[in-house]
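Okay, so here's the structure we're looking at.
Nothing in this text is a laboratory measurement; each read-out follows from the coordinates by a stated rule. Source: prediction; values computed, not measured. Here the Cβ positions follow ideal geometry from the backbone for every residue, glycine too, while neighbour counts run over all protein chains shown.
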Amino acid sequence: MPHATDIAPDQPAFDDLVRLAAQVADVPIALITLVDGTLQRFQASVGVHPEPVPLERSMCSHAVAEATVVDVPDTTVDDRFQRHPMVVSGLMVRAYHGVPLVVPGGRVIGTLCVLDQRRRVFSPHVQDLLAAIARQVVAQFELRRASTEANAASRAKSDFLATMSHEIRTPMNAILGMTEIALSSSSQDEIRECLRRVQRNGEALLSLISDILDLSKVEADQLELDDRTIPLREVIEDALEGVSVSAAQKDLALLCLIDPDVPRLVRGDRARLRQVLVNLLGNAIKFTHSGEVRAAVTRTVRGVEIAVQDSGIGMTADEIPAVFDKFWRSGSVSGLGGTGLGLSI
């Protein structure tokens, strides 16, 4: 999920807010600063045009580190500021007021600060107004973050609908084509082969529909799980059998290694465990062109761990965080089909 400061902002809004801060405080210098790793960069400014600086050398580092307002009427007598380059030379800053920019969740992303070249006390009224402006700065970033996420979700759904159209059309065309051939054929062998293909494509459609229904239940928090004693090895073998044909068609070795100390019976939902295993194994088979796919079952402190490994194309480090996002598919798997629902479910 992108953070607010990762979103390209609408610069005029920030320029307006920093100008308003300067006017409210009656100061020559006002800044909206942002934390960028170990640097402080400047989103908008009045009175100066600063370049990014190391955060530790910034006057605003205290407001960021302490996540609280820093108000300094006289920088020359404040231990934190009296030797700062902006105090002893250059701008000769004498008064400073910094408000941290705190996003939901408590993270400080920067500051709204005003600086004056004369010693002064900012009145409570001015401080309240600056705090309100700082909240508007945060709101601008959050608005852009929400807009970006909404656009991404909309694109994902559009991609999903396009994918679904393809995924449904492909087996439907096969079913209709095989039905037409069977109706016009007098060969029993040919008719049986057509019916087998109709059955396979019908099962693919049913699986697709089941995935969509499961996703709707998950999102509505209506997916109920059984909690009963189940035979673990039997469930695993059932899942392996369910994908064995796909593995055989690609000449892949399908292996299962179960440690001897793994319990015979466990607590869980048999159908959902099988579904998870079939999805994991099916994905591994889909993206493996040669070699093997294996399920390794071990006992751990918390229970039982089932790991699916393969010799396939793998993923990049950047792709791993998105692997359980719905509708997501790796950019390197074009042409391999799929809806991007299996792992998210």
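For labels at Arg228 and Arg200 in the simple 7 Å Cα→Cβ model, what's the distance in nm?
Going from the Arg228 label point to the Arg200 one covers 3.4 nm.
Under the Karplus relation 6.51 cos²θ - 1.76 cosθ + 1.60, θ = phi - 60°, what is the ordered set of whole-Hz ³J(HN,Hα) values for region 255-263, x standing for Gly and Pro?
10, 9, 10, 10, 4, x, 8, 6, x
Provide the FRET efficiency to the nearest 0.05 for the Thr300-Ser246 pair, computing r from the beta carbons and using R0 = 30 Å.
Taking R0 as 30 Å, the efficiency between Thr300 and Ser246 is 0.55.
Peptides 110-118, 51-59, 180-188: what's the order by average Cβ count within 10 Å, highest mean first?
On the way: 110-118: 23.3, 51-59: 15.3, 180-188: 11.1.
Most protected by this proxy first, the peptides run 110-118, 51-59, 180-188.
Which order do peptides 189-197, 281-289 fall in by mean Cβ count within 10 Å, highest first?
The most tightly packed comes first, giving 281-289, 189-197.
Multiplying the sequence separation of Ala139 and Gln117 by 0.36 nm and subtracting their Cα-Cα distance, what value in nm do you get? All intermediate terms of the calculation are to be shown ahead of the outcome.
Details: separation 22, 0.36 × 22 = 7.92 nm, distance 2.97 nm.
Value of the extension gain: 4.9 nm.
Given a Förster distance of 22 Å, report the FRET efficiency between Lys217 and Ser154 from their Cβ-Cβ distance, rounded to the nearest 0.05.
E between Lys217 and Ser154, to the nearest 0.05, is 0.45.
Evaluate the distance, in nm, between pseudo-label points positioned 7 Å from the Cα of Leu176 and of Met92 along their respective Cα→Cβ axes.
Taking the two extended label points, one gets 8.4 nm.
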